[in-house]
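Here's the structure, in structure tokens; my notes come after.
The numbers here are math on the coordinates, done by the rules we state, and not lab data. For clarity, every value in this text was computed on a predicted model and none was experimentally measured. Backbone-built Cβ (ideal geometry, glycine too); neighbour counts: all protein chains shown.
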Amino acid sequence: MTTILAPNSADDPSAYRPVALVDLLDRVLATGVVISGDITVAIADVDLVRVSLRALVASVGTLTPTEDAG
């Protein structure tokens, strides 16, 4: 299964190339991505509950510092 997501070049934004879901997941795990959102429950314009969500999605190798052998 392929999904069209990113333009092929910056010169032609209408040109798209297919990106496999596995390639997209590999790129996300290699670089990491932050997902955030806010949810507010209100009645009659009175905020009752507010929840802020933030999640970091990355591989362990991306998050751990590497030591230089020099």
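Highest first, please rank the peptides 19-26, 51-58, 39-46 by the mean number of other Cβ atoms sitting within 10 Å of their residues. Don't jump to the answer; show the numbers that get you there.
Working: 19-26: 11.9, 51-58: 10.2, 39-46: 7.9.
Per-residue mean Cβ counts within 10 Å order the peptides as 19-26, 51-58, 39-46.
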So, with points 7 Å from each Cα along the Cβ direction, the VAL51-ASP23 label distance in nm works out to 3.6
